[in-house]
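Here is the structure we will look at.
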Amino acid sequence: MTYDAPSCAYCPPNVQACRQGESAEQGPGFCPTKVDQPGIDSACAHYDDLEVRHIAQVSAVVESEGYCRWTRVEEACQFAKRMGFKKIGIAHCISFVDEALMMSQILESHGFEVASVACKHGGIAKEEIGLSDEQKIRPGGHESMCNPVSQAELLNRTGCEFNLVMGLCIGHDSLFIKYSEGLVSTLVTKDRVLAHNPIGALHLADTYFDRVWGPARPQKKPKLPVQGRRTMGSP
């Protein structure tokens, strides 16, 4: 199979030449270095902007110091401190109100001022955005729409420099990020089926969650026994 666009997902684990800075020599044909080096050069120029460079530097330091040690909650606190932020916003699903309260208190314990806004604020009926009664989760009564644009604008007006997303629905989180003026990071990704651990569907895509595949599912290659290791049924 050939690709005209960057396709890092298909890079063999034993290659990943970018880790060693050897993409040009060792990378596969679809490696970004080989497919779009001019684009990479253009993107790198953005790091000359002092704000962009500062964010990248702080992110790298937090990654280094907290690698396999800090939880994401701790990373969020450390990143915000080192960026010098004073006011942090939390955009959360209304079903995450308990977790949002805990996160607010944790941030406040570190000296931050915190504003939070739930997705259903305003109580605007879903009919206002053109949905029918049949398109509601529970037809037959009032159902408030999620309002991520207003969540973003409320936190903008409050002066939040850094916003944390907690459990916004897919698509709603996209709108929040689109309209947020402050930097955005996701603290919790909603997945009610998998206890908010969406990567579980990928780990189990070939077994319990094979329903995730579309009609063009690639054919699996049979796994060969590892040489020198006993396999089931071997003497």
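The values are calculated or read from the model by the stated rules, or taken from the named source; none is laboratory data. Here the structure is a predicted model, which is why all the values come from computation and not from measurement. Using ideal geometry, Cβ is built from the backbone for each residue, glycine included, and neighbour counts are taken over all protein chains shown. We work out accessible area using only protein heavy atoms, side chains counted, and drop any ligands, DNA or RNA first. Shrake-Rupley method; radii C 1.70, N 1.55, O 1.52, S 1.80 Å.
Show me 205-216, 121-132, 30-41, 73-84 ranked by packing, highest mean number of other Cβ atoms within 10 Å first.
Details: 205-216: 9.3, 121-132: 12.1, 30-41: 14.5, 73-84: 17.1.
Put in order of decreasing packing, that is 73-84, 30-41, 121-132, 205-216.
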Legend entry - Helix axis angle, 97-109 relative to the chain longest principal axis, alpha carbon, degrees: 90 degrees
Inset, instruction - Specify the angular offset, from 0 to 90 degrees and rounded to the nearest 10, of the alpha carbon long axis of helix 50-66 from the longest principal axis of the alpha carbons in the chain. - result: 70 degrees
Inset, instruction - Round to the nearest 10 and give me the degree value, 0 to 90, for the angle of helix 148-158's Cα axis relative to the longest principal axis of the chain. - result: 60 degrees
Inset, instruction - With a probe of 1.4 Å, find how much accessible area the chain has per residue, and write the answer as a whole number in Å². - result: 69 Å²
Legend entry - Euclidean distance of C-alpha centroids, segment 160-222 and segment 7-56, integer Å: 24 Å
Legend entry - Summed residue charge, Cβ within 12 Å of Asn197's Cβ, Lys/Arg positive, Asp/Glu negative: +1
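What pairs in Lys86/Lys126; Lys178/Lys220; Lys34/Lys190; Lys81/Lys136; Lys34/Lys220; Lys126/Lys220 have C-alpha atoms more than 31 Å from each other?
Lys86/Lys126; Lys178/Lys220; Lys34/Lys190; Lys81/Lys136; Lys126/Lys220
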Legend entry - Ellipticity estimate at 222 nm from DSSP helix runs (n ≥ 4, -39,500 (n - 2.57)) divided over the chain, nearest 500: -10000 deg cm²/dmol
Inset, instruction - Normalise the Debye intensity by I(0) for segment 48-178, one equal point scatterer per Cα, no solvent, then take log10 at q = 0.11, 0.22 Å⁻¹ and round to two decimals. - result: -0.47, -1.33
